Amino acid sequence: MRSSRKPRVADAVAVLVAAVVAFPLYWMVLSAFKPEGELLSTDPRPWTFAPTLDGFRRVFTVEGLGGYFVNSLVVAVAVVLLSVLLSFLAAVALTRFRFRGRTVLLVMVLVAQMVPVEALTIPLFFLMRQVGDVAPAFGLNHLGSLVLVHLAFSLPLAIWVLRGFVAAVPEELQEAATLDGAGRARFVWQVLFPLVAPGLVATSVLSFIHAWNDFLFAKTFIISATENQTLPMAILVFFTPEGNDWGAIMAGSTLMTIPVLVFFVLVQRKLVAGLAGAVKG
């Protein structure tokens with residue numbers, strides 16, 4: 001009897017945790033469809049009998065909304081592609097090669113994940129200003145600055161995760177490929193790369209979410225170039241001294257989650273395998 005109760009308790013706990021995690025998302029979507037009177041009511045209810053699209057209409061009236069969306073997509077896709085490529089090559093180097101300082105480098109990669117983003121915002125601002133003097137495309141008021149910063153924060157975790165996937169591939173496989181006439185580069189791209197694809201998908205999802213949802217760096221680095229602002233900045237216009245338009249804010253936030261959900265659906269199978277492999281690693 002006791003053994004049969006344990007799965008039931010575990011399932012109940014899992015359902016409870018899922019409900020707690022999903023409730024803020026439910027409230028966001030619900031608030032996006034609520035009329036203004038219900039949003040400002042002192043007696044909030046977890047339902048509405050008079051859904052409205054007024055919040056979404058106000059979001060679509062924001063000037064330059066399409067450009068904001070394209071900018072966010074460009075930054076997120078660039079970060080994903082670069083982080084996947086660089087983290088894979090770094091993971092291969094740290095796993096398959098023996099060189100002086102390898103352990104120190106691994107520790108530095110791990111420590112880099114522990115530094116709070118807020119603590120580095122001001123130093124990065126001055127760094128990007130100096131980078132702009134040498135390479136304007138990566139300086140302040142340019143999307144390149146956002147790509148560089150998000151790439152720097154995405155790489156440590158991606159390298160650490162992919163290192164476990166690369167280490168799980170037996171070295172005998174590389175020896176067999178060498179006997180078949182495959183060089184090191186061919187083995188890495190034609191054999192190793194497909195085998196660690198689940199890990200690449202898992203890290204790409206994390207990188208995409210980090211870049212897509214960013215507000216801090218977009219607000220800090222894109223100062224006056226409104227044509228280079230990203231999607232979270234479009235929602236900022238609904239925060240005013242006279243009062244916040246919560247219906248439009250929640251509608252805009254709901255719209256922002258759609259590309260993330262689409263990305264999840266497209267890579268769902270690989271993502272589950274990737275997370276499972278990361279846990280085993």
Query raised in the report: Considering only 79, 122, 47, whose Cα is most displaced toward the positive end of the charge dipole of the chain, charges sitting on Cβ of Lys, Arg (+1) and Asp, Glu (-1)?
Result: 79
Query - Virtual spin-label span in nm between residue 97 and residue 23, 7 Å along Cα→Cβ - result: 5.1 nm
Query - Electrostatic dipole magnitude of segment 24-70 [Cβ: Lys, Arg +1; Asp, Glu -1; Cα centre; debye, to 20] - result: 100 debye
Report task. Would you tell me the accessible area of residue 145, worked out with a 1.4 angstrom probe on the heavy atoms of the protein chains, in Å² to the nearest 10? Result -> 0 Å²
**Report entry** Selected from 246, 13, 213, residue furthest toward positive end of dipole (the chain; charges at beta carbon)
**Finding:** 13
Query raised in the report: How much accessible surface area, in Å² rounded to 10, belongs to the heavy atoms of residue 178 with a 1.4 Å probe?
Result: 80 Å²
Requested in this report: Provide the gained length on full extension for the span residue 53 to residue 86, in nm with one decimal, where the gain is 0.36 nm per separating residue minus the Cα-Cα distance.
Outcome: 7.6 nm
Requested in this report: Rounded to whole Hz and in sequence order, give me ³J(HN,Hα) for segment 52-69 from the Karplus expression 6.51 cos²θ - 1.76 cosθ + 1.60, θ = phi - 60°, writing x for Gly and Pro.
Outcome: 9, 9, 4, x, 5, 5, 5, 5, 6, 8, 5, 5, x, 4, x, x, 4, 5
Query raised in the report: Mind checking the dipole of the chain: about its Cα centre, +1 per Lys or Arg Cβ, -1 per Asp or Glu Cβ, Debye to the nearest 20?
Result: 1220 debye
**Report entry** Degrees, to the nearest 10: 143-168 long Cα axis against longest axis of the chain
**Finding:** 50 degrees
Query raised in the report: Counting only Cα, what are the radius of gyration and maximum Cα-Cα distance Dmax of segment 123-215, in Å?
Result: 18.1, 52
Query raised in the report: Between 183, 105, 265, whose Cα lies farthest towards the positive end of the dipole of segment 62-278 when Lys and Arg beta carbons carry +1 and Asp and Glu beta carbons carry -1, centred on the Cα centre?
Result: 183
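Can you sort 42, 52 by solvent-accessible area, 1.4 Å probe, largest first?
Numbers: 42 140, 52 30 Å².
Correct descending sequence by accessible area is 42, 52.
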Requested in this report: Please sort 107-115, 28-36 by packing, taking for each peptide the average over its residues of neighbouring beta carbons within 10 angstrom, highest first.
Outcome: 28-36, 107-115
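By the gyration tensor of its Cα atoms, with a ≥ b ≥ c the square roots of the eigenvalues, what is the shape of the chain: rounded for a/c under 1.5, prolate for a/b over b/c, or oblate?
On the way: a/c = 2.40, a/b = 1.37, b/c = 1.75.
Cα axes put the chain in the oblate bin.
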Report task. Quote the charge dipole size of segment 32-191 about the Cα centre in Debye, to the nearest 20; the model charges only the Cβ of Lys and Arg (+1) and of Asp and Glu (-1). Result -> 460 debye
Query raised in the report: Roughly what would the spin-label model give for residue 137 and residue 171, points 7 Å off Cα along C-beta, in nm?
Result: 4.1 nm
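The values are calculated or read from the model by the stated rules, or taken from the named source; none is laboratory data. The model shown is predicted, which means the values in this text are computed figures rather than measured ones. Cβ coordinates were reconstructed from backbone atoms using ideal geometry, including for glycine residues, and neighbour counts include every protein chain displayed. These accessible areas exclude ligands, DNA and RNA; they are computed on the full protein's heavy atoms, side chains included. Shrake-Rupley method; radii C 1.70, N 1.55, O 1.52, S 1.80 Å.
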